[in-house]
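K.L.:
Here it is, the structure in full.
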Amino acid sequence: MALVHSALWQSVLGEIELTVSPANYLTWFANTELISMTDTEAVVGVANVFAIKQFEVKFDELVKKSLHNNDAPVQKIVYRVKTARKSVINRETTGSSRVDELLADEPRTQKPATSSRSPKTPANSLNPKYTFENFIVGSSNDLAYTACQAVATNPGVKYNPLFIYGGVGLGKTHLLQAVGNAILAKNDGSRVVYISSETFVKEFLESIRFKKQGFSDKYRNVDVLIIDDMQFIAGKEKTQEEFFHTFNALHQANKQIIIGSDKPPRSIPTLTERLRSRLEWGMAIDIQMPDFETRCAIVQTKASMSGITLEQETVEYLAKNIKTNIRELEGALNQLLAYAEMRGITPDISTAEGLIGNIRHSRPQHITAKQIIDKTARHFQIESKEICGEKRDKHIVVPRQIAMYLLRSELHLSFPKIATELGRKDHTTAIHSVEKIEKSIKLDFLIREQVAEIREKLYA
Ligand code: ADP
Ligand code: MG
């Protein structure tokens, strides 16, 4: 009996190996087994608890199909951790009901089995490295993943526009581009355009300034328009107007529009009412920070994509200690791999501890208020005493506000203390200034850059 299972499973795996990328095969499939099977149901053992979700959401169809091809027409597959490990986390709520709901009248479709993509990128500025295949699914992002897949399968049909929002480094751009890449993989004649709203604004303003023709046609004659970082269109009324018309033209022609943003349409400030209502026509879905299991899965996959198998404890150490976003998690992993490679050692938990400890403590603790004021002043080419003075000229007020903001964010000074450092008695200005910069950082690319540059100089 067990032997029969094992032969069947080998054949299933052999088939799957031809479909998925080597890294995916190694990470997810190599270590699996068929535990038991009835006429209708198979129980598949997978390597660890965070593999379960990947199988349920990403590979279920593939495994089922391959079982069918091997004369095992099961209707349902249950995924279970193979060997009893010390901490088996209970996963009865997988969030898949949300997915089922979303897909109620959507045929579950197999992703196109192309691991090699067409290398034609520059025209649409899609990056071929962002695919569905290497996107890890967890309950923080499964809804977004599923909606994006539905759109890639049937562009322009169901969720139009599809609006994906969430904090930085959580995979919005990855998903948005994966849609574009999947559509091109199926039909490389499709006109797919990916553009950030900043570029849209810039091109639009240039077309007005230099009286260039053809801007509106450029984006109204596509099959799929993907606009990323929509929040940057806030406050740009003329551009919003232009985008509104682009939106209408595409929507009327049943062309797909996909939008990424750090917040939902209703929270993007100074969005004209009619554009906001357009953006709310379709489906808006948020992405959140993945839970611990998903973070483990991400670390594990990314390591094996670099050809390295990390020990479980190392994977867990990284996932436990980096909770900000996936970009940073990836950064830490890359640092670990590079460090180990350079020294010819195996990247293990103690190497990881050393490195992450370093990342954490790399900020010197001895920055002073005076340094913040001086560096800010120098950055803006004004005098420190102007920052501490009373003048209300704009070229002084903004640096002053930024200095106050940095005193708060870097040194955690109280508002009265901030006021004192700038030679003031009243601390309400400090409160307003810090609030103002906090807000501007979110909305204004320039301010964000300035603050980041000064901060870099502080810690250089
Ligand atoms: P955002 O656009 O939300 O700021 P990105 O899409 O640029 O974030 O993601 C940051 C990095 O993290 C990218 O390298 C991306 O590939 C990776 N990433 C994010 N989420 C996932 C995921 N679920 N699976 C695999 N990689 C991910
Ligand atoms: Mg992005």
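K.L.:
For region 297-315, enumerate the residues that are more than 16 Å from the chain's Cα centre (by Cα) and either buried (at least 22 other Cβ atoms within 10 Å of the Cβ) or within 14 Å of ligand 1 (Cβ to nearest atom) (or both).
P.N.:
First pass over region 297-315, keeping only residues more than 16 Å from the chain's Cα centre (by Cα): 300, 303-315.
Scanning region 297-315 gives GLN300, ALA303, SER304, MET305, SER306, LEU310, THR314, VAL315.
K.L.:
Show the residue pairs meeting these rules: Cβ distance below 9 Å; 6+ apart or different chains; first residue within region 44-57 and among the acidic types (Asp, Glu); second residue part of a loop (DSSP other than H, G, I, E, B).
P.N.:
These pairs meet every condition: GLU56/THR94; GLU56/VAL137.
K.L.:
Let me ask another. For region 165-185, state whether one or more residues are away from ligand 1 (no atom under 16 Å from the Cβ) and at pLDDT below 90. Outline the logic, then answer.
P.N.:
Taking region 165-185 and keeping what is away from ligand 1 (no atom under 16 Å from the Cβ), we get 183-185.
Narrowing the set further to residues that are at pLDDT below 90 leaves none.
No, region 165-185 contains no residue that is away from ligand 1 (no atom under 16 Å from the Cβ) and at pLDDT below 90.
K.L.:
I'm trying to understand the selection: among the residues of region 415-460, which are of a type outside the set (Asp, Glu), surrounded by 13 or more Cβ atoms within 10 Å (Cβ to Cβ) and part of a loop (DSSP other than H, G, I, E, B)?
P.N.:
LEU422, ARG424, HIS427
K.L.:
Shifting gears a bit: Kindly provide the set of residues from region 219-254 that are part of a loop (DSSP other than H, G, I, E, B), more than 16 Å from ligand 1 (Cβ to nearest atom) and within 29 Å of GLN288 (Cβ to Cβ), ordered by number. Talk me through it step by step, then tell me what you get.
P.N.:
Filtering region 219-254 for residues part of a loop (DSSP other than H, G, I, E, B) gives 221-223, 229, 234-236, 253-254.
With the extra rule that they be more than 16 Å from ligand 1 (Cβ to nearest atom), the set shrinks to 221-223, 234-236, 253-254.
ALA234, GLY235, LYS236, listed by residue number.
K.L.:
Is it the case that ASP223 is within 16 Å of ligand 2 (Cβ to nearest atom), of a type in the set (D, E, K, R) and either at pLDDT 90 or above or under 20 Å from SER440 (Cα atoms) (or both)? Step through it out loud before you land on a result.
P.N.:
Numbers: within 16 Å of ligand 2 (Cβ to nearest atom): no; of a type in the set (D, E, K, R): yes; either at pLDDT 90 or above or under 20 Å from SER440 (Cα atoms) (or both): yes.
Considered against the rule, which asks whether it is within 16 Å of ligand 2 (Cβ to nearest atom), of a type in the set (D, E, K, R) and either at pLDDT 90 or above or under 20 Å from SER440 (Cα atoms) (or both), ASP223 comes out as no.
K.L.:
Between residues in region 294-313 that are charged (D, E, K, R) and residues that are crowded, with 18+ Cβ neighbours inside 10 Å, which pairs lie under 8 Å by C-beta distance while being six or more apart or on different chains?
P.N.:
As it stands, the answer is ARG295/LEU318; ARG295/ALA319; ARG295/ILE322; ARG295/ILE326; ARG295/LEU329; LYS302/LEU333, since those pairs meet every condition given.
K.L.:
Condition test on LYS186, is it in contact with a strand residue (DSSP E or B) (Cβ under 9 Å, 6 or more places away or on another chain) and either polar (S, T, N, Q) or over 26 Å from LEU329 (Cβ atoms) (or both)?
P.N.:
Numbers: in contact with a strand residue (DSSP E or B) (Cβ under 9 Å, 6 or more places away or on another chain): no; either polar (S, T, N, Q) or over 26 Å from LEU329 (Cβ atoms) (or both): yes.
Answer is no for this residue.
K.L.:
May I pose another question? Based on this model, can you work out whether LYS375 counts as in a helix (DSSP H, G or I) and at pLDDT 90 or above? Quick ask: steps written out before the conclusion?
P.N.:
On the way: in a helix (DSSP H, G or I): yes; at pLDDT 90 or above: yes.
Yes.
K.L.:
Let me ask something additional. For the subset of region 404-414 comprising residues that are in contact with a helix residue (DSSP H, G or I) (Cβ under 7 Å, 6 or more places away or on another chain) and in a helix (DSSP H, G or I), which member is surrounded by the most Cβ atoms within 10 Å (Cβ to Cβ)? If you could, list the steps in order and put the result at the bottom.
P.N.:
As a first pass, look at region 404-414 and keep what is in contact with a helix residue (DSSP H, G or I) (Cβ under 7 Å, 6 or more places away or on another chain): 404-408, 410-411, 413.
Retained after the next criterion (residues that are in a helix (DSSP H, G or I)): 404-408, 410-411.
Details: MET404: 30, TYR405: 25, LEU406: 25, LEU407: 25, ARG408: 22, GLU410: 17, LEU411: 16.
Per the stated criteria, the residue is MET404.
K.L.:
Looking only at region 258-294, which residues are assigned to a helix (DSSP H, G or I), in contact with a Phe, Trp or Tyr (Cβ under 9 Å, 6 or more places away or on another chain) and hydroxyl-bearing (Ser, Thr, Tyr)? Break it down stepwise before answering.
P.N.:
Step one: of region 258-294, the residues assigned to a helix (DSSP H, G or I) are 265-267, 273-279, 292-294.
Cutting the leftovers down to in contact with a Phe, Trp or Tyr (Cβ under 9 Å, 6 or more places away or on another chain) gives us 265, 267, 274-275, 278-279, 292-294.
Residues satisfying the conditions are SER267, THR294.
The values are calculated or read from the model by the stated rules, or taken from the named source; none is laboratory data. Every value quoted in this text rests on a predicted model; they were computed, and no experiment measured them. Note that we place each Cβ from the backbone using ideal geometry, even for glycine, and neighbour counts take in every protein chain shown.
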